[in-house]
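First comes the structure, then the notes that go with it.
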Amino acid sequence: MVRGRHIQHRARTWLVVAIAVGIVLVALGGVSFAAYRYDRASSDRILPGVTVGGAEVGGLTRAEAIDVVRSAAEERLMRPLTIQAAGTSWSVTPSELGETADVEAAVDRALAQSASAGFLTRVWHRLRDEPVNIAIDLTFSTTGSGVQDFVSNATSDVAQSPRDASVAVLDGKVTFVHSRPGHALGVHVAARRLQSALAEGSTTVRLPVNIVRPKIPDAKIGKTIVVDRTINKLYFYNRFDLIHTYDVATAADGYVTPAGDWTIVDKQENPTWTNPAPTTWGADLPASIPPGPGNPLGTRAFYLNAPGIRIHGTYDVGSIGTHASHGCIRMLIPDVEELYPLVPIGTRVIVF
């Protein structure tokens, strides 16, 4: 009798346990199904705590995330980039230079990482709104000819031709122009530096400039003789420095001391005079006169590449300061002897 009651009690206990386990299993199945349904319903949304290019996209759909990330990318693409070179400055945007952001691909990576998380991980983080702390980089790239077009245009803006040193007569005055280097944009290096600035998200960049040296620097000016026929003066310059000023005689009426830019092609001490016009004004003169007091060339003579024209000494002291010669430029004997060792062949002579 007792044994029968004991068996009945054990049966009732197992029934209760079975019912309880069944209830638990049904509950767990319901929860699992609910969790599954929740996960499926949320599968088009990115897990919380995911950023793309620094923009928070957790809980957003693909379309919503693209809008948010694109807006964040626009801040960089439209942020002014200051470009400087040789004192010139430009302000352009990365977008104008052809930079773009691959927003859709970055958002798709965020969705893929959300989907790759385990089922329980996804449900846990979504239900608790607990961030997963996943950061997706946003890729920026530069395409097209924007950078090259900018560099090409900047080249003409920056370019400055070098200036050669020179000596000239302008409006009756001797004018000296000092040399000056020019500069040009280093095209290939500039393009690479601009590309690097875009890749780094810089807001300023300085482009390299190459110095272009003048062909004739100040040091190559050398020595110059300038003759002013209106006041019968000869000026001797060493580079830009006036070394001596001399009174001279130039052509009388009916004759010409030719204006121009000439060169000394020869020089002689105690020269022999050769009659340059035996059929005209020199018809009553000998064919030549040797060195000495009667020589029309004096003791020193410089020969110019202007036909028949010389700078030379004279014994006719009274002619100095006047228009008295047949075209040559006369100097006092002491003056021409002082000048002679200072002037090499090849010296420039400007007559005006």
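The values are calculated or read from the model by the stated rules, or taken from the named source; none is laboratory data. None of these values were measured; they are calculated from a predicted model. Reconstructed Cβ throughout: ideal geometry from the backbone, glycine too, with neighbour counts over all protein chains shown. The area values use the complete protein model at the heavy-atom level, side chains included, leaving out ligands, DNA and RNA. Shrake-Rupley method; radii C 1.70, N 1.55, O 1.52, S 1.80 Å.
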13 Å beta-carbon shell around Pro217, net charge (K/R +1, D/E -1): +4
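How large, in percent, is the carbon and sulfur part of the accessible surface of the chain at a probe radius of 1.4 Å? Display every interim value, and only then the final one.
Numbers: 10930 of 19640 Å².
It is 56 percent, rounded to a whole number.
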Candidates Thr121, Thr143, Thr279: whichever shows maximal mean-square fluctuation once the chain is modelled as a Gaussian network with Cα springs under 10 Å: Thr279
Positive-end residue, the chain charge dipole about Cα centroid, Cβ charges, pick of Asn232, Gly294, Pro48: Pro48
Top of Trp262, Trp281, Trp90 by mean-square fluctuation, Gaussian network on the chain, Cα under 10 Å: Trp281
Listed residue (Gln160, Gly254, Trp90) projecting farthest to the positive dipole end of the chain, Cβ model: Trp90
The chain: equivalent-ellipsoid semi-axes (sqrt of 5 x gyration tensor eigenvalues, Cα, Å): 107, 15, 13
Residue with peak Gaussian network fluctuation, the chain [Cα springs, cutoff 10 Å], from Asp284, Asp108, Asp228: Asp284
Euclidean distance between Cα centres, the stretch 269-330 to the stretch 208-226, Å: 37 Å
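Treating only the Cβ of Lys, Arg, Asp and Glu as charged (+1, +1, -1, -1), what charge dipole size does the chain show about its Cα centre? Round to the nearest 20 debye. List each step's numbers first, then the result.
Details: 33 positive and 33 negative charges, 512 e Å.
Dipole about the Cα centre, nearest 20: 2460 debye.
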Cut-off 15 Å between beta-carbons: net charge of the residues surrounding Ala277, Lys and Arg +1, Asp and Glu -1: 0
Taking the chain and dividing mean pair separation by its residue count, relative contact order in percent (alpha carbons under 8 Å, at least six apart): 13 percent
Probe 1.4 Å, protein heavy atoms only - accessible area per residue of the chain in square angstrom: 56 Å²
About the Cα centre, charge dipole magnitude for the stretch 119-224 (Lys/Arg +1, Asp/Glu -1 at Cβ), debye: 440 debye
Calculated log₁₀ intensity ratio I(q)/I(0) where the Debye formula runs over C-alpha points of the stretch 276-322, q = 0.14 Å⁻¹: -0.40
Net charge contributed by nearby residues that have their C-beta within less than 15 Å of Tyr303 (K/R +1, D/E -1): +3
Table column - 3J(HN,Hα) (Hz), the stretch 167-174, Karplus curve with 6.51, -1.76, 1.60, x for Gly and Pro: 10, 8, 10, 10, 6, x, 10, 6
